[in-house]
Amino acid sequence: MVRDVLVEGMYGRIFPKHLEIIPQLNEVYELALAFYESQLLNEDELIRNGAYFARVGERLTRHYLMCTGEPVRLPKHSSSRLRSFFANNLFKTGYATHGLFPYRGKFHPQMIKGLINIMGLKPGDTILDPMMGSGTVLIEATLMGIKSVGIDVSPFCRFMTQAKLNGLVIPQKPLYGALKNYKELFEHFVKVIGQSEQGSKQRTKGRNNWLGSVVRETTAAYEAKKSKQQHRLIGSEDAAVYDFLSLAYLDSAGYAERSNRASPIEQFRTVLERYVFVVEKIQRILDGSESELAEARALEGDARALPLEPQSIDGVLFSPPYSFAIDYLQNDSFHLNYLGEDIVKLREKMIGLRGKKLREKYDLYIADMNQVLSECARVLRAGRLCTIVVGTNDKQLSKVLDVPPEEVPGLHKILADLAVEHSFIPVRSLARRISGIANTMREEYIVILEKT
Ligand SMILES: C[S@@+](CC[C@H](N)C(=O)[O-])C[C@H]1O[C@@H](n2cnc3c(N)ncnc32)[C@H](O)[C@@H]1O
């Protein structure tokens, strides 16, 4: 009896025999999402869009292929850093273009794929992330054939998301040109964007408007100069390629700022190599599969006033800023410094940063999130789901609400209660451990709500 139970194994009891679970699944919430996927998706859907299965019968799933990158291999000369990045992140941010740019608070993309599935979204539906950050939801949805709209108050987020989406389809030849000419390209970006000071958090002044000009109105003269240079350096005038390479430069400048292990130009080469490899890997998989990519719209905007029609969305999935005390603008957020003149304006709209004293910040945070939830309810179709991923943040809340940490309701509970006021009803909540920022939070919650 004991032997029979052990031989059959837990997965054998939970999942049908023909489903093989993905490697590196090691958290309870992942097992829960895998279970819901196995209940809600048919075999073809699991093969095309499943997040937690490697094999359905004899067939490998598309997600497994995307993650492992079969049959693409890293070139032999690749650095050990690049190799370990891909080995450790194979089923995390190591697939598609998710690993590009280390944006703080980025979603775990595999979890997003799982959530999109269990929210009942199918190809042709439209999903919204009203606080898209680095665009994880948009990239996953695009790969799954689900249309998406992403909004973020930060123009850098729009820029980054668009570059990562473009990475799924941009021509590869100019990227090889860029790698070959990486020294000249580095010099070019130093002139156009500026250079960070190695190993320090300082950066040279006088170039803060660069991103603003790329993101918004680019002047004709700037464009002409850029395309001439561009053509010489990478053999292409494709703006999407140029923006993709700019993101690689910004990424490498961030590394150079944080560490002085290698010279900035060497950091650039390493990062660029990774960007090129990422494109090669995902495009090879996409070329070999029949599934179409869906349309994605990355917009700059305010989640408190969504530029969308009522009842036009089939699912909402997002993660709000967790904290109302960490000053992302002032702290170490490298990329935000490139926004230059917009920083003051941005602060006024940035949820979590508004207000002065902690209590005022908290009150504004709650009022803002209330407005965001009301907007989500307005644009979501009835009977559809809205999923919020939010950290508990007990220590800060304990100070603000003046109650012991163990009695704090938790942000997930506070937001779920607010949501009920906007015709949402709670459907399921899953806890998930987070590592890294353990001093403020130890857990986050996946809160699934239904619009009645
Ligand atoms: C936790 S991050 C989201 C990260 C994202 N899930 C990802 O995978 O990269 C929260 C985001 O909310 C954005 N945000 C803050 N206030 C906003 C507002 N009023 N409207 C829209 N986005 C806002 C921030 O710029 C930040 O990118």
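Summing +1 for each Lys or Arg and -1 for each Asp or Glu among the other residues whose beta-carbon sits under 14 angstrom from that of Val427 gives +2. Residues Ser79, Ser323 in ascending order of nearby Cβ atoms (within 10 Å, fewest first): Ser79, Ser323.
Strictly over 26 Å apart at the Cα level, which of Lys113/Lys399; Lys106/Lys191; Lys183/Lys281; Lys113/Lys281 would you flag in this model? Over 26 Å Cα-Cα: Lys113/Lys399; Lys106/Lys191.
Projected over all directions and averaged, the alpha-carbon convex hull of region 380-452 occupies 5.1 nm². Residues Ser291, Ser148, Ser374, arranged from fewest to most other Cβ atoms within 10 angstrom of their Cβ, appear as Ser291, Ser374, Ser148. In this structure, Arg381 and Asn260 have a Cβ-Cβ separation that, at R0 = 56 Å, corresponds to a calculated FRET efficiency of about 0.60. Within the shell of other residues whose beta carbon sits under 12 angstrom from the beta carbon of Leu185, the net charge comes to +3, with Lys and Arg scored +1 and Asp and Glu -1. Simple spin-label estimate for Leu40 and Asn26 gives 2.7 nm between the two label positions (7 Å along the Cα-to-Cβ direction from each Cα).
Cβ-Cβ distance of Lys356 and Arg284, R₀ of 45 Å, FRET efficiency by 1/(1 + (r/R0)^6): the value works out to about 0.30. For a paramagnetic label modelled at 7 Å from the Cα of Glu184 toward its Cβ, which residues of region 238-256 fall within the zone defined by backbone nitrogen distances under 19 Å? 238-239, 241-246, 249, by backbone N distance to the label point. Taking amide H positions as modeled 1.01 Å from N, with prolines and chain starts lacking one, the residues under 5 Å from Phe53 and 5 or more places away or on another chain are Ile22. Spacing of the modelled spin labels on Ala239 and Val420, each 7 Å from Cα toward Cβ, amounts to 4.8 nm. Gain on full extension, evaluated as 0.36 nm per residue between Glu58 and Arg433 minus their Cα-Cα distance, stands at 131.7 nm. Within region 238-304, the trypsin sites (Lys or Arg not before Pro) that combine a DSSP coil assignment with at most 14 other C-beta atoms in a 10 angstrom radius are Arg261.
Throughout, read-outs are computed from the coordinates displayed, never taken from laboratory work. Note that this is a predicted model, so its numbers are computed, not measured. Glycine gets a Cβ as well: all are built from the backbone with ideal geometry, and neighbour counts include every protein chain shown.
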